[in-house]
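Enquirer: There's a structure below that I have some questions on.
Where a number appears in this text, it was derived from the coordinates with a stated rule and is not lab data. As the structure is a computational prediction, the values presented were derived from the model and not from experiment. Glycine also receives a Cβ, built like all others from the backbone with ideal geometry; neighbour counts cover every protein chain displayed.
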Amino acid sequence: MDIKKILITGIVIISCSITLYAQNNINNRKQFIEIIGAYSPNSIILLGKTPDTKTFYSYLGYGRLIKSFSNNTEIYVTRGIIPFTEYVYPKRDNGSKTDIIYGYGISPLGYQVIYQPNKFKLYGSLTSGLMLMSGTFPTDKGRRVNYSFDITMGIKKEIQENTFLSLGYRFHHISNAQTGSQNPGIDSNFLFLSIKHFTNVY
């Protein structure tokens with residue numbers, strides 16, 4: 001089966017599951033819908049080996065409470081879609097000339113911990129992703145299908161009832177996990193802004 005069809009099917013399934021979870025759990029679960037926009041002005045050499053990369057990133061996700069503690073700490077399981085990502089990077093196959101590639105995908109599983117010591121909420125999350133790029137990436141011996149994970153730390157402030165504006169830092173790694181002949185990978189440092197709306201708050 002075509003990989004593009006698999007990813008599109010996955011995005012549809014995730015989108016439907018976000019809606020169904022929200023509908024099915026509205027009376028007995030605390031949950032949220034989140035929209036994230038992020039930008040990384042450069043990349044670092046850590047797990048990935050591709051320098052000087054600018055990255056634009058978007059995310060639409062759903063979180064469902066799975067555990068709460070008496071010290072105002074909550075743990076959520078998350079899933080979502082990545083409707084658009086853009087990498088502007090030096091392509092080594094072309095003498096490190098700047099290239100632009102686009103991608104989209106799914107984030108099938110993640111976890112988010114939220115702590116509220118005062119009127120602000122602090123949180124951290126770990127998410128996984130499967131991405132389909134518009135071409136082989138980041139070299140001609142790479143792959144169109146790539147894998148990613150993200151580590152996020154942020155702070156959020158309520159801007160209206162049950163709706164929060166968040167900002168913070170997101171470490172983003174993408175690579176083909178050694179499934180291509182080359183796997184230089186990219187590590188991005190995102191500054192992000194998000195809107196998160198909670199339902200059934202108790």
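Enquirer: Could you put 50, 179 in order, starting from the residue whose Cβ has the fewest other Cβ atoms within 10 Å? Provide the component values of the computation, followed by the final result.
Expert: Values: 50 24, 179 12.
In increasing order of surrounding Cβ atoms, one gets 179, 50.
Enquirer: A follow-up question, please. Explain nothing, just the number: dipole magnitude of the range 102-202 about its Cα centre with +1 on each Lys and Arg Cβ and -1 on each Asp and Glu Cβ, in debye rounded to the nearest 20.
Expert: Working: 9 positive and 5 negative charges, 15 e Å.
That gives a dipole near 80 debye.
Enquirer: Give the aspartates and glutamates whose C-alpha is closer than 18 Å to that of residue 49, dropping any in the same chain fewer than 8 places away, or say none.
Expert: 86, 93, 99, 140, 150, 187
Enquirer: Going Cα to Cα from residue 54, which lysines come in below 22 Å? Please leave out same-chain ones fewer than 8 positions away.
Expert: 91, 97, 141
Enquirer: How high is the FRET efficiency between residue 109 and residue 70 when r is their beta carbon distance and R₀ equals 25 Å, given to the nearest 0.05?
Expert: Rounded to the nearest 0.05, the efficiency is 0.40.
Enquirer: Now for a different question. Determine, for 132, 65, 191, the number of other Cβ atoms within 10 Å of each Cβ, and report the residues in order from fewest to most. Before the final figure, lay out the partial values.
Expert: Values: 132 22, 65 19, 191 13.
Fewest-to-most Cβ neighbours within 10 Å comes out as 191, 65, 132.
Enquirer: Once you put a point 7 Å from the Cα of residue 54 and another 7 Å from the Cα of residue 97, both along the Cβ direction, what distance in nm separates them?
Expert: For residue 54 paired with residue 97, the spin-label model returns 1.9 nm.
Enquirer: In the range 49-100, what chymotrypsin sites (Phe, Trp or Tyr not before Pro) fall in a loop by DSSP, with at most 10 other Cβ atoms inside 10 Å? Intermediate values should be presented prior to the final figure.
Expert: On the way: sites: 56, 57, 59, 62, 69, 76, 84, 87; in loops: 69.
Those satisfying the criteria are 69.
Enquirer: Output the direction-averaged projected area (hull surface divided by four) of the convex hull of the alpha-carbon atoms of the range 3-199, in nm². Before the final figure, lay out the partial values.
Expert: Numbers: hull surface 44.7 nm².
The number I arrive at for the range 3-199 is 11.2 nm².
Enquirer: Which lysines, on any chain, are close to residue 157 with Cα under 21 Å apart, when same-chain ones fewer than 8 places away are left out?
Expert: Filter leaves 30, 119, 121, 196.
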